[in-house]
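Nothing in this text is a laboratory measurement; each read-out follows from the coordinates by a stated rule. The structure presented is a predicted model; accordingly, all values stated were derived computationally and were not measured. Cβ: placed from backbone, ideal geometry, glycine included. Neighbour counts: every protein chain shown.
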Amino acid sequence: MNDLILPLYKNGFLSPEANFFFAIVLGFAFGFVLERTGFTRSQYIADTFYFKNLAVPKIMGVTIITATTWFIFFAWMGWIDLGALFTPGTYVWPYVVGGLLFGFGMVMAGYCPGTAVAGLGTGKSDALLFLLGLFAGMFLYFILYPMIAGFASSGNLGVFKLQDLFGGNEYTSYILTVALETGIILFLMLLQKLTNKGEK
């Protein structure tokens, strides 16, 4: 292959060792940003669920728009092979139940797995407790899996994308994603304004 096309590892431009090295470097950089922005404080995330501080979901929305814009631009320039990117399958009912459990876990602990690992790196004891609970839950799921295997694979839609729902191509998915995230961000801004007004 003569042309350098992303993703580098999937297309054979990076060795497993180099890929692991860059993953470590980027992981530390991500953790540093999480700490500097305050995302490793449990109260910061817990406040989201009480509508006291909606910065986290707004930043997530901006991040999604930014990342998808770069992806679609790189694809348009021929610098990235979108077909080589991993897309997990969609399992409707396990996703619904798993999302609810994940949400309850976040509101109770104030952490998600990523912020908890970064929080542990800064010595936060509550992050350690969250991660111990996380691993206990993973172990329990492993033990119970034979009994819930049918449910875990229910509602299988395969690799399902927005363009499959509305027709079109990856550019259709991009436009819909940006429109959806923009609407969510505007709604959160309005909700934050109303919440702050109600507290006065």
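For the chain, hydrophobic long helices are taken as DSSP H runs at least 27 Å long by C-alpha position along their axis with mean Kyte-Doolittle hydropathy of 1.6 or more; these are 125-152. For segment 75-151, the spherically averaged projection of the C-alpha convex hull amounts to 8.0 nm². Which stretch or stretches of segment 135-160 have amide N atoms under 19 Å from the point lying 7 Å from Thr63's Cα along the Cα→Cβ direction? Those under the cut-off are none; the list is empty.
Report, ordered by chain and residue number, the lysines lying within cross-link reach of Lys58, taken as a straight Cα distance under 20 Å and ignoring same-chain residues fewer than 8 apart. List returned: Lys193, Lys197. Using a Gaussian network model of the chain whose springs link C-alpha atoms within less than 10 Å, name the residue from Ala46, Ala118, Ala67 with the highest mean-square fluctuation. Looking only at Ala46, Ala118, Ala67, the biggest GNM fluctuation is shown by Ala67.
With a 10 Å cut-off between alpha carbons and a GNM built on the chain, which of Gly119, Gly133, Gly83 moves the most? Comparing Gly119, Gly133, Gly83 in a Gaussian network model of the chain, the most mobile one is Gly83. Pairwise inverse Cα distances across segment 16-199, averaged and inverted, put the Kirkwood hydrodynamic radius at 19.2 Å. The alpha carbon gyration tensor of segment 1-75 gives principal lengths a ≥ b ≥ c with a/c of 1.5 or higher and a/b no greater than b/c, which makes the shape oblate.
Can you order the peptides 188-197, 55-64 by their average number of other Cβ atoms within 10 Å per residue, highest first? Please list the in-between numbers first.
Details: 188-197: 12.5, 55-64: 15.9.
So the order, starting with the most tightly packed, is 55-64, 188-197.
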